[in-house]
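Each reported figure results from applying straightforward, stated rules to the coordinates on display, with no laboratory input. Since this is a predicted model, take the numbers as computed values, not measurements. So basically every Cβ, Gly included, is an ideal-geometry build from the backbone, and we count neighbours across all protein chains shown.
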Amino acid sequence: MNKEILLAGFGGQGILFAGKVLAYSGLEAGREISWLPSYGPEMRGGTANCSVVIGDEPVGSPLVTEPDILLVMNTPSYDKFIGAVKKGGKVFADTSMVDISSQREDIDFYGIPATGLSGENGLDGMANIILLGRALKESGLFTLEEVTAGLEKCIPAKKKNLLEKNLEALKIGMKSE
């Protein structure tokens, strides 16, 4: 069975990086994966979203139009994608940036003040990983070891010093309520 995940926000929020971490975690877990980034022409502040499919079977299409899991980091992305989430799906929203809670009763909605938590903990720029941590906790997609290995693959050698901060952000997200 495949899980379809959509991550969305503004460029510069780490949407593509978080999707890449999911994809590499899937590889570490021995799963079939696809990772399809999509972003506007702007370097920062434009649109960014990422489709990730993780499963036990080969991935037929990398495009996610009806996600099982949606991670959103801004209100425009929430507005654009909330209606597409499958019945029974899970939505994880950064409530520091998304000022809406879901009116849908057929999905599970998790509001996490990820941007606020990242600032409070000296982890500026890691709201994406905090949000990802909560999503991983609630979905049970991967073990902490698999995600750690995924992070190790995604962080370039010249930034290896950021691994511990990313792990700290991940754990904050996993502990958030």
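DSSP beta bridges in the chain, what fraction antiparallel, as a percent rounded to 5? Write out the running numbers ahead of the final one.
Details: 17 of 30 bridges.
Here the antiparallel bridges make up roughly 55 percent for the chain.
Taking the Cα centre of region 39-170 as origin and charging only Cβ (+1 Lys, Arg; -1 Asp, Glu), how large is the dipole, in debye to the nearest 20? Display every interim value, and only then the final one.
On the way: 13 positive and 19 negative charges, 74 e Å.
Dipole of region 39-170, to the nearest 20 debye: 360 debye.
Convert each backbone phi in region 75-80 into a coupling constant with the Karplus relation 6.51 cos²θ - 1.76 cosθ + 1.60 (shift: θ = phi - 60°), then list the ³J(HN,Hα) values in order as whole Hz, x for Gly and Pro.
Working through the residues one at a time gives 5, x, 5, 4, 4, 6 Hz.
Could you check the spin-label model distance between K158 and L27? Points 7 Å from the Cα along Cα→Cβ, value in nm.
The two pseudo-label positions are separated by 2.1 nm.
Based on the Cβ-Cβ distance of D124 and T75, what FRET efficiency does E = 1/(1 + (r/R0)^6) give at R0 = 30 Å, to the nearest 0.05?
Details: r = 21 Å, r/R0 = 0.69.
Calculated transfer efficiency: 0.90.
Tell me, in nm to one decimal, what length is gained between T65 and E138 on full extension, where the rule is 0.36 nm per residue of separation less the Cα-Cα distance? Mind dumping the intermediate values first?
On the way: separation 73, 0.36 × 73 = 26.28 nm, distance 2.14 nm.
24.1 nm is the gain from fully extending T65 to E138.
Under a GNM of the chain (C-alpha, springs under 10 Å), which listed residue has the highest mean-square fluctuation: K158, K86, K137?
The residue that fluctuates most here is K158.
What do you get when you divide the Cα radius of gyration of region 101-162 by 2.2 N^0.38 Å, with N the number of residues? Working shown, then result.
Values: Rg = 14.1 Å, N = 62, 2.2 N^0.38 = 10.6 Å.
After normalising by residue count via 2.2 N^0.38 Å, the value is 1.34.
Rounded to the nearest 500, what is the chain's calculated 222 nm mean residue ellipticity when only DSSP H runs of at least 4 contribute -39500 (n - 2.57) each, over all residues?
After summing the helix terms and dividing by the residues of the chain, the value is -11000 deg cm²/dmol.
Where a Cα-Cα gap under 17 Å defines reach, which aspartates and glutamates qualify for K86, not counting those fewer than 8 residues away within the same chain?
E4, E66, D68, E105, D106, D108, E138
Would you mind getting me the FRET efficiency between I107 and K175? Use the beta-carbon distance for r and R0 = 25 Å, nearest 0.05.
Efficiency at R0 = 25 Å is approximately 0.65.
Give me, ordered by chain and number, the residues 5 or more places off R31 or on other chains with an amide H under 5 Å from its own placed amide H.
For R31, whose amide H was placed from the backbone, there are no distant partners under 5 Å.
Please list, or write none, the lysines whose alpha carbon is within less than 30 Å of the alpha carbon of K90, excluding same-chain residues fewer than 8 places away.
K3, K20, K80, K137, K153, K165, K171, K175
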